[in-house]
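Laboratory data are not the source of any read-out in this text; all were calculated from the coordinates shown. What you see is a predicted model; the values in this text were computed from it and never measured. A quick note on method: Cβ atoms are made from the backbone with ideal geometry, for glycine too, and the neighbour counts reach across all protein chains shown.
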Amino acid sequence: MGMNRIVAGTAALGSGLASWSGSACAEFALNMPRGVTPVSHDVYHLHMTIFWICVVIGIGVFGVMFWSIYHHRKSRGAVAAQFHESTLIEILWTIIPMAILIVMAVPATATLVRMYDTRDAELTVKVTGYQWRWHYDYLDEGVGFFSTLSTPQAQIRNAAPKGEHYLLEVDNPLVVPVGKKVRILTTAADVIHSWWVPDLGWKKDAIPGFINETWTQIEKPGVYRGQCAELCGRDHGFMPIVVKAVPEAEFKEWLTQMKAKATPQTAQNESHPVSQPATVSGGQAL
Ligand SMILES: [Cu+2]
């Protein structure tokens, strides 16, 4: 019985690995993503710096430990050295870790300061978490819309084969211009959510009654996907985030279309098409 189970388990693991080594393996990576923003690069380099410091410390500490265990083993007749209350050693083992921590704190603080510096943003988007979808408001532009999961129910209920972006696709993505600093304000309308797109290098809690502020500046046009990262109820796993970064001209065109969609009645009431929708959208921005 036990043997059968082991054989069955091994076979399952083997076939699992075989299928996994196909498409999933191409995307598989041990490390965190480098991302597509200045902050995500900072975070990546900080992570690598701290990682290598830890590797050096690990090799040093375990090297000395294993060397000592081997060379001062009992069979050689080793006698333990006595250095209780040695002032020199106590100072050293306080100063050295402190110095290492200070060395680590310098780049970490610089990255945090940069992350929180939302000055000179060219666009502000308010992100509101709802159970279970996101709402995006382009403040100052009068454009706002919900972004809802678009994966068909049939795929979720295993009645149809799963698509490439299963549970990571939405009807209306957040569209932002490439190379522009975008300030992102996160809040929520019911419970705590968290807005997380790994390629942007951070995740930010969306808390009812609070506005959290951060920013991004995407360097490469593309579609970046993420998820709600704070357990927020039954459909927590069904409120993905899709960010579409496009060249500025394309963004302007998209914004014009969205504004036209948002104010169809007003445009019809005017005898001439509205060329400056600012007067119409100003009230909506609030
Ligand atoms: Cu959520």
- [ ] Note down the nm distance, to one decimal, between modelled labels 7 Å out along Cα→Cβ at Arg73 and at Asp171.
- [x] 7.1 nm
TODO: May I ask you to list the chymotrypsin sites (Phe, Trp or Tyr not before Pro) in the range 60-164 that are in a DSSP loop and have at most 13 other Cβ atoms within 10 Å of their Cβ?
DONE: Phe83
Task: Where N is the number of residues in the range 38-116, Cα Rg divided by 2.2 N^0.38 Å - done: 1.61
Task: Protection proxy ranking of 180-188, 71-79 - average other beta-carbon atoms within 10 Å, highest first - done: 180-188, 71-79
TODO: Would you mind calculating the gained length between Ile100 and Asp140 on full extension (0.36 nm times residue separation, minus the Cα-Cα distance), in nm to one decimal?
DONE: 9.8 nm
- [ ] Using the charge dipole of the range 131-271 (Lys, Arg: +1 at Cβ; Asp, Glu: -1 at Cβ; taken about the Cα centre), state which of Ile192, Thr216, Leu168 has its Cα farthest towards the positive end.
- [x] Leu168
Open item on the list: Checking the cross-link filter: which lysines have an alpha carbon closer than 19 Å to that of Lys220, excluding same-chain neighbours under 8 positions apart?
Closed with: Lys180, Lys181, Lys244, Lys252
Open item on the list: Could you tell me the calculated FRET efficiency between Val56 and His84, based on Cβ-Cβ distance and R0 = 35 angstrom, to the nearest 0.05?
Closed with: 0.75
TODO: Compute the distance in nm between two label points, each set 7 Å from the Cα along the Cα-to-Cβ direction, one at Asp235 and one at Val64.
DONE: 5.7 nm
Task: GluC sites (Glu not before Pro) within the range 84-122, DSSP loop, no more than 15 other Cβ atoms inside 10 Å - done: Glu85, Glu122
TODO: Determine which residues of the range 194-233 fall in the zone a paramagnetic label at Glu164 would reach in this model, i.e. backbone nitrogen under 18 Å from the point 7 Å along Cα→Cβ.
DONE: 221-226
